[in-house]
Amino acid sequence: MIFPFEEQFYRERGVDANFVGHPLAELPRPTIEPGDYAAQFKLDPAKHWITLMPGSRVKEVRMNLPTILEAAALLGPAHEFLLPVAPTLDRTFLQNQIGQQQITLVSDALPALWHSRAGIIASGTATVEAAMMNTPFVMVYRVSPLTYLLGKPRAKIPRFAMVNLIAGEEIVPELVQHDFTAQNVVTQINRILPKAKPATACWKASPT
């Protein structure tokens, strides 16, 4: 079992199960230096870098990315926005979704998260990756209205973000369906960023 609550669930149903931890718990920290990373992708180190992760499937991206991009536009040019290209997605598809907006496509998620001051992350494994990279973020997600209508009454869990499920409490804000608006995302990001310094002042310290 990779989630703590799963052990009790299965044991109550007669299955000899044990919680063994999440497979992403030992993710290595990226080794690329921040200055080299900035040079590689032509990023301004004086700005707050924000990683955008709208999902790894085309349908997810179509549902989540437009509102994420709207939030990025509201946050404005004082920020650099990094969008890692998931292996399951086509770079041209993402570029078409972005249009003329100033979003930097990057090849790998972990270095982007490690060097970012915040993230806007769709529900899924990416939320665990962000947590392991010590990146504060807001979790977002949207499905079709019909899927939400049919699925909501059947949902038996109080939270959606994997990190919140693992922690057993809300440690990152969740904006789902109707709560997932650009303005709500901006509000949450602005709550995060005052606690983080610009890249030139303070990069994340490596764990000791």
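If we keep just the residues of segment 118-127 that are open to solvent by 10 Å² or more (accessible area, probe 1.4 Å) and either at pLDDT 95 or above or outside any loop (DSSP other than H, G, I, E, B) (or both), which is farthest from L193 (Cα to Cα)? The selected residue is T125. Looking at L74, L82, just one residue is touching a residue at least 60 places away in the same chain (Cβ under 8 Å) and of a type outside the set (V, I, T), and that residue is L74. Checking each residue in segment 138-162 for being open to solvent by 10 Å² or more (accessible area, probe 1.4 Å) and either in a helix (DSSP H, G or I) or at pLDDT 95 or above (or both) picks out P145, L146, T147, Y148, L149, L150, G151, K152, P153, R154, M162. Of the residues that sit in segment 93-115 and are surrounded by 13 or more Cβ atoms within 10 Å (Cβ to Cβ) and of a type in the set (S, T, N, Q), which one is nearest to W49 (Cα to Cα)? Here the residue is T104. Those residues that are outside any helix (DSSP H, G or I), in contact with a helix residue (DSSP H, G or I) (Cβ under 6 Å, 6 or more places away or on another chain) and either open to solvent by 40 Å² or more (accessible area, probe 1.4 Å) or over 14 Å from Q102 (Cα atoms) (or both), I need them from segment 49-83; list them, please. Correct list: M53, P54, G55. For first residues located in segment 36-60 and without any contact (Cβ under 8 Å) to a residue 12 or more places away in the chain, partners that are open to solvent by 30 Å² or more (accessible area, probe 1.4 Å) and not small (G, A, S) and lie 6+ apart or on another chain with Cβ distances below 8 Å form the pairs Q40/I32.
Among residues of segment 129-149 that are closer than 16 Å to A109 by Cβ and of a type in the set (D, E), those with a Cβ under 9 angstrom from a residue that is modelled with pLDDT of 85 or more and surrounded by 23 or more Cβ atoms within 10 Å (Cβ to Cβ), sequence gap 6+ or separate chain, pair up as E129/M53; E129/A109; E129/L113; E129/I121; E129/T135.
The values are calculated or read from the model by the stated rules, or taken from the named source; none is laboratory data. Please read all numbers here as calculations on a predicted model, not as lab measurements. Counting neighbours? That spans all protein chains shown, and the Cβs are built from the backbone with ideal geometry, glycine included. Just the protein is used for accessible areas: all its heavy atoms, side chains included, with ligands, DNA and RNA removed. Shrake-Rupley method; radii C 1.70, N 1.55, O 1.52, S 1.80 Å.
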